[in-house]
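First comes the structure, then the notes that go with it.
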Ligand code: SF4
């Protein structure tokens, strides 16, 4: 049996490999919890950035905690979830703040609450429990399934509002009065008061930009990389995307010198992060300065229509061996439907650039199973990928459409899982030897969809699924038992496949 001592030594080993860890002491302690393991959480720019921002305060120390790789080890050894920096039990902190990115992480969030010894439901936590705050990318779309577990949610860009929450919380002696008062603030969502009526997302002032990571560690998915955002938001309008221009007023480009100033001397790899990093008007200057400084550079998102010889030349000289772009539609018809603005000629050019710059691989992300997609669209993709694979080595990432709230495709049905599997099988059959294919599980995409479209009913489903072990079968039964609305599946999907019920925006633009 693993002991508490061993669990803490493991954390110590991770800390020993970090550069930039913030240690401190202050009258108030915030546990910043990521509901996935360390490797994932430490790759999150938003998580790292909030850690830095909170530790700039003199009255607060913010310490990290993560979903353990094996929560059972904590249960069996009766080790409460603890913060990395001081090994303080998370349940003893004044505030437990979650950075929440992805719908299916809700089981991780519940597991962290359980391991911290906190009642899961907000209504079961009395005056003496820590305040549970939730923020992160999920708040741009649909945080309702998390609502019954949170005291307060910070909607959208949290850098400014977290200060307000902490200022008010540390001065209050009356939890109920605090919740009533903070519920009046734009951008703050208090589920116990607002119910299922979501609040608009907040936008942080420009002086809070750019977000950047204080800690560099080899033990993340983005190993030993300094993360910095060069642009926030996006001015484009892809219809499946939560970060489209309507969400937060379009792209805000960060001044080049401000991006570069954040890079510490010791860093050898820099990741430029953002919804639309390659759309920054001075992106070549930023990348060029990083590479000229002897560092590697990579970008979190590359638009195929922005890439040319200069762009890919800098990327290649900065160490990139893979060019990753999104097609996000199996055919031109589907890309147009998604308002992606990408044409075959852009993708073909990307393949040529991979070849010309002696890169190893073109990785293509593809959303499929949109309303109205047919086998003909899949066949068009297969033919095109055959052509691309003659130019360079190609990998394909296939993800079925998961319609999100706060997008024009909100409410679109999830395609029948059998149809999705048939399409994936066909792609494997036709392209198996030529292209490296990775497909998202249709089953888990369906769970993501139900959570993305659900309300507080999905909190009940999540709690039950969590109690039953969190496997697919447990989720399926829990969703069917608790879903309050009509099943948004097959019948509507059938009509949409015939193009009869396309959303208004799709028909008119
Ligand atoms: S998919 Fe990319 S380009 Fe399209 S709206 Fe989203 S962030 Fe912008």
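The values are calculated or read from the model by the stated rules, or taken from the named source; none is laboratory data. Here the structure is a predicted model, which is why all the values come from computation and not from measurement. Because the Cβ atoms are built from the backbone with ideal geometry, glycine has one as well, and the counts that use them run over all protein chains shown.
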Scanning for something surrounded by fewer than 23 Cβ atoms within 10 Å (Cβ to Cβ), under 18 Å from the mean Cα position of the chain (by Cα), under 23 Å from residue 153 (Cα atoms) and within 16 Å of the ligand (Cβ to nearest atom), does the range 195-202 turn up at least one residue?
yes
The condition from (1) closer than 16 Å to residue 24 by Cβ; (2) part of a loop (DSSP other than H, G, I, E, B) that residue 101 misses is numbered (1)
Condition first: at pLDDT below 95 and over 29 Å from residue 366 (Cβ atoms). Can you find one or more residues in the range 456-479 that meet it?
yes
Mind checking which pairs have a first residue in the range 234-245 that is touching a residue at least 12 places away in the same chain (Cβ under 8 Å) and under 14 Å from residue 334 (Cα atoms) and a second that is near the ligand (Cβ under 6 Å from one of its atoms) and assigned to a loop (DSSP other than H, G, I, E, B), Cβ under 7 Å, 6 or more apart or different chains?
238/244
Filter the range 245-257 down to residues that are modelled with pLDDT under 90 and buried (at least 19 other Cβ atoms within 10 Å of the Cβ) and give me whichever is nearest to the ligand (Cβ to nearest atom).
247
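Residues checked against (1) within 26 Å of residue 204 (Cβ to Cβ); (2) in contact (Cβ under 8 Å) with a residue 60 or more places away in the chain; (3) in contact with a strand residue (DSSP E or B) (Cβ under 9 Å, 6 or more places away or on another chain):
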| residue | (1), (2), (3) |
| --- | --- |
| 7 | no, yes, yes |
| 22 | yes, yes, yes |
| 28 | yes, yes, yes |
| 58 | yes, no, no |
| 66 | yes, no, yes |
| 85 | yes, yes, yes |
| 89 | no, no, yes |
For residue 214: the one exception among (1) within 16 Å of the ligand (Cβ to nearest atom); (2) touching a helix residue (DSSP H, G or I) at 6+ places or on another chain (Cβ under 7 Å):
(1)
Of everything in the range 280-302 that's within 16 Å of the ligand (Cβ to nearest atom) and out of contact with any strand residue (DSSP E or B) (no Cβ under 7 Å at 6 or more places or on another chain), which residue is farthest from residue 227 (Cα to Cα)?
283
Check residue 338 against each of (1) crowded, with 20+ Cβ neighbours inside 10 Å; (2) closer than 28 Å to residue 286 by Cα; (3) touching a residue at least 60 places away in the same chain (Cβ under 8 Å) and name the one condition it does not meet.
(2)
